[in-house]
1. Kindly express, to the nearest 10 degrees and within the range 0 to 90, the angle between helix 3-28's C-alpha long axis and the longest C-alpha principal axis of the chain.
2. Just need the relative contact order of the chain here, percent rounded to a whole number, with Cα pairs under 8 Å and 6+ apart.
3. Is there a quick way to get the dipole size of the chain? I mean about its Cα centre, with the Cβ of Lys and Arg at +1 and of Asp and Glu at -1; what is the value in debye to the nearest 20?
4. Determine Rg/Rh for region 1-133; Rg is computed over alpha-carbon atoms and Rh is the Kirkwood hydrodynamic estimate from the same atoms.
5. May I ask you to order 61-69, 40-48, 153-161 by the average number of other C-beta atoms within 10 Å around their residues, highest value first?
6. Pulled fully out, how much extra length does the chain show between THR174 and THR62, if you take 0.36 nm times their separation in residues and subtract their Cα-Cα distance?
7. So if we plug the beta-carbon distance of ALA80 and LYS27 into 1/(1 + (r/R0)^6) with R0 = 35 Å, what FRET efficiency do we get, rounded to 0.05?
8. Would you calculate the separation in nanometres between label points at ASP36 and ALA114, each defined as 7 Å from the Cα along the Cα-to-beta-carbon direction?
Amino acid sequence: MTPLIAKILHGLFMVAWWVIRRPFERKAKRNVIARDAMDLREKLLLGISFTGLGLIPFLYITTGIPAALDQPFSPLRAFAGLALFGAALALFYATHKALGRNWSVTLAVREEHALVTAGVYRFVRHPMYTAFWMWAIAQALTLQNWVAGFAGIIGFGTLYLFRVGREEVLMRQTFGPQWDDYAARTPRVVPFLR
């Protein structure tokens with residue numbers, strides 16, 4: 001494993017993320033949104049996350065900038081990062097599949113929205129966030145650069161910090177006691193960790 005191969009594979013995994021998401025985006029556009037919390041704050045948070053997980057690593061992979069902040073390369077770290085990214089993509093796909101027509105990139109409730117508690121949702125309330133945390137950590141392991149590597153943790157971490165509570169309020173408003181029961185028995189992001 002070399003730094004170049006690690007960069008190329010990380011970039012291919014980023015493309016795989018888009019390939020996984022694209023069909024679900026097309027299907028979701030056909031479903032009517034009953035309530036949408038897309039506002040300036042939400043757009044800003046999505047932009048920050050996209051910058052950390054997408055733009056900065058893409059710039060680093062394609063140009064090497066900022067090469068002056070590269071860390072000493074560890075093939076073992078790169079392998080671990082790529083394995084974690086692969087697991088994140090598998091979870092990402094399973095999450096989309098479990099959500100089906102309920103999925104949305106924004107905080108939205110669709111007409112006839114159902115609370116999904118099966119599949120990967122048996123283990124955590126927010127497996128999509130779990131997958132993104134795995135991706136962010138994988139990025140820090142694979143792209144061994146102080147900026148590009150940690151941009152995902154900072155970018156996605158910002159979105160998570162300012163969004164997850166808001167999403168849970170939306171779920172509570174939509175599903176009431178059903179959500180409360182589910183939330184009481186199911187960890188938020190890390191299985192078996194309350």
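1. 20
2. Working: 256 pairs, mean separation 62.2, N = 194.
Worked out over the chain, it gives 32 percent.
3. Numbers: 22 positive and 11 negative charges, 77 e Å.
Roughly 380 debye for the chain.
4. Numbers: Rg = 17.1 Å, Rh = 16.7 Å.
Here Rg/Rh amounts to 1.02.
5. Working: 61-69: 12.6, 40-48: 14.3, 153-161: 18.6.
By packing density, highest mean first, the sequence is 153-161, 40-48, 61-69.
6. On the way: separation 112, 0.36 × 112 = 40.32 nm, distance 4.34 nm.
This chain segment gains 36.0 nm when fully extended.
7. 0.55
8. 2.4
Only the coordinates and a few stated rules stand behind these numbers; no lab work does. Everything numeric here is computed off the predicted structure, so don't read it as measured data. Ideal geometry is used to build each Cβ from the backbone, glycine not excepted, and the neighbour counts take in all protein chains shown.
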